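The next block holds one structure in the form of structure tokens; read it before the comments.
The values are calculated or read from the model by the stated rules, or taken from the named source; none is laboratory data. Only a predicted model underlies this, so the values are computations on that prediction, with no experimental measurement involved. Here the Cβ is made from the backbone with ideal geometry for all residues, glycine too, and neighbour counts use every protein chain on show. Quick note on the areas: whole protein, heavy atoms, side chains included, nothing else; ligands and nucleic acids left out. Shrake-Rupley method; radii C 1.70, N 1.55, O 1.52, S 1.80 Å.
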Amino acid sequence: MQQPAPWLWDDLDATLAEVWRCLGAGASTRRSAFHHPTIATTGPDGAPRLRTMILRGVELEIRRLRLHTDIRGTKVAEIAAKPRVAVHVYDPGMKLQVRMTGLATISHGDPVARTAWQNAQPMSQACYGTRPAPGTTIAAGGDFVLPASHSPELAEGEANFAVLRIAIETMETLYLAHGGHRRATFAWEGATLIRKDWLAP
Ligand SMILES: Cc1cc2nc3c(=O)[nH]c(=O)nc-3n(C[C@H](O)[C@H](O)[C@H](O)COP(=O)(O)O)c2cc1C
């Protein structure tokens, strides 16, 4: 006997509301799959580049995700050149895949970055003091230094700290159900939802 999808996944508005709820909660729930999305950029050769990042905050009313990164990292230059990015989450417990695209901006050395830095844990701040810079070739795996958690050098990492914000423009959900998957697509132009449709899975 095939199981029907729970009512939620047969309702486009409820699907959308549930994904935003999961994203909002995911920023502060370590065990949530939404806490560590995969972020895709485009490299200078046109090839996609993926990496896991921690979701630090969500501004629900403007559909904007906040993540933290090192200004010296490869992804920052990629975003400066091509700010369109993609975001992927798969939550195996919920049997839900979410794919999004959006426009990324980097804040560095400004009030946005300063506030986020001041609210970051010392353990997280320490990562931004890595020497040499992330991605530098080193002779052995351990040939790098990090400032100690409460050392004066910790503050120097602020110069490398950047906030990545992604304004979500499209979203596609895929809910896996024995009785038939549910796939939905959504798109926005500014504050306006311009597409809300079911798709064949
Ligand atoms: C669980 C996990 C969480 C991570 N969180 C972040 C993060 O929040 N910010 C970040 O810049 N890199 C994070 N990383 C490291 C990135 O995946 C990536 O290796 C690094 O940022 C270099 O990427 P880039 O060369 O594309 O800039 C995380 C990696 C893992 C495995």
Ordering Glu156, Glu59 from largest to smallest accessible area (1.4 angstrom probe), what's the sequence? Glu156, Glu59
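Per 0.36 nm of contour for each residue apart, how much would the distance between Ala139 and Ala177 grow if the chain were fully extended, relative to their Cα-Cα spacing?
Values: separation 38, 0.36 × 38 = 13.68 nm, distance 4.92 nm.
The Ala139-Ala177 span can extend by a further 8.8 nm.
Give me the percent of DSSP beta bridges within segment 1-114 that run antiparallel, rounded to the nearest 5.
Antiparallel bridges: around 100 percent, rounded to the nearest 5.
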Under the rule of -39500 (n - 2.57) per DSSP H run of 4 or more residues, summed and divided by the residues of the chain, what mean residue ellipticity at 222 nm is obtained, to the nearest 500 deg cm²/dmol? -5500 deg cm²/dmol
Computed accessible area, Lys196, all protein chains, 1.4 angstrom probe, square angstrom: 80 Å²
Given +1 on the Cβ of Lys and Arg, -1 on the Cβ of Asp and Glu, and no further charges, what dipole in debye does the chain carry about its Cα centre, rounded to the nearest 20? 200 debye
To the nearest 10 square angstrom, how much accessible area does Glu153 have with a 1.4 angstrom probe? 80 Å²
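Please list Met100, Met94 from largest to smallest accessible area, probe radius 1.4 Å, with all protein chains kept in place.
The most accessible residue leads, giving Met94, Met100.
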Are there trypsin sites (Lys or Arg not before Pro) in segment 18-110 that DSSP marks as loop and that have at most 15 other Cβ atoms within 10 Å, and which are they? Arg30, Arg31, Lys95
Describe numerically, in nm with one decimal, the distance between label points set 7 Å from Cα along Cα→Cβ at Arg64 and at Ile194. 2.0 nm
In what sequence, largest accessible area first, do Thr137, Thr185, Thr74 appear using a 1.4 Å probe? Thr137, Thr74, Thr185
Please report the orientation-averaged projected area of the chain, defined via the convex hull of its C-alpha atoms, in nm². 13.7 nm²
